[in-house]
Amino acid sequence: MCYLRILSNKIIYMKNIKFFTLKKAHCVIALCVLLCIATVCATYFTVKATVSPKAVHTIVIDAGHGGKDGGAVGKTTDVTESFLNLQYSLALKAICEEYGFKVVLTRSDMNGLYSPFASNKKRSEMEKRKEIINKAKPDMVVSIHMNSFPNSSTRGAHVFYADGSESGKQLADSVQEILFKNIENSHKTAKVGDYYILNCSQSPSILVECGFLSNPEEELLLQEEEYINKFCYNIFCGMLLYFKMA
Ligand SMILES: [Zn+2]
């Protein structure tokens, strides 16, 4: 009897040992799994925080003209500058937002920015643009225009900045450099331009004349969707170059 009892106790003891050994093994495995999950999560969020674009930059994109002021007009297709300016601004906005930039547009449709009651509509419009820019406190202002010239052979993209603005010049040089490399017929150097929009704020500001509507070939090219996206992507690359993010 006594022997059997001892044997029985031994079996129970062995079972307990096995049970506790198994429980301990389970705990170790669970701990390892948790550690692995924590490591993976930490790595994921660290990489995400590094790679994900943050809305650190606010950009004002200004589509020139609008409303009754159509700007330049194409010679062969009658396309208006105000329409194309908006198309380019919307394309540039989409690219900027894709990369995490916050974008403020001065206008997002074909309406003019002037007050309908203003006697001087041009002045009213420019004051509205200035108001939008100063409210946004942007890191840069990019104004989009199309050019026109009596000599129809003149063509190519040109970037302008305000005289005396060092940051404006740096931004204009960066964008012009990228356009010159990748967009055919673009000019090599940015120029000083006496435009109201370039002096609305202390933010680095440029005015991009994307091309000449007075040149029949460029007039058609400027309207091609693929060209619009390519052109705007290159403006964006120039912006990145300025931000030293490229
Ligand atoms: Zn214009």
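Against the list (1) part of a strand (DSSP E or B); (2) of a type outside the set (D, E, K, R); (3) crowded, with 23+ Cβ neighbours inside 10 Å, the condition L92 fails is (1). Just so you know, in the range 101-119 the residues that are surrounded by fewer than 17 Cβ atoms within 10 Å (Cβ to Cβ) and modelled with pLDDT of 95 or more include one that is nearest to the chain's Cα centre (by Cα), and it is K102. The numbered conditions (1) within 13 Å of the ligand (Cβ to nearest atom); (2) farther than 10 Å from I144 by Cβ are all true for V103 except (1).
The residue of the range 201-214 that is farthest from Y227 (Cα to Cα), among those that are in contact with a Phe, Trp or Tyr (Cβ under 8 Å, 6 or more places away or on another chain) and among the polar types (S, T, N, Q), is S205.
K191 meets the stated requirement of being basic (K, R), at pLDDT 95 or above and over 17 Å from S89 (Cβ atoms).
Among the numbered conditions (1) more than 15 Å from the ligand (Cβ to nearest atom); (2) within 18 Å of I132 (Cα to Cα), the only one that D78 does not meet is (2).
The values are calculated or read from the model by the stated rules, or taken from the named source; none is laboratory data. As the structure is a computational prediction, the values presented were derived from the model and not from experiment. Note that we place each Cβ from the backbone using ideal geometry, even for glycine, and neighbour counts take in every protein chain shown.
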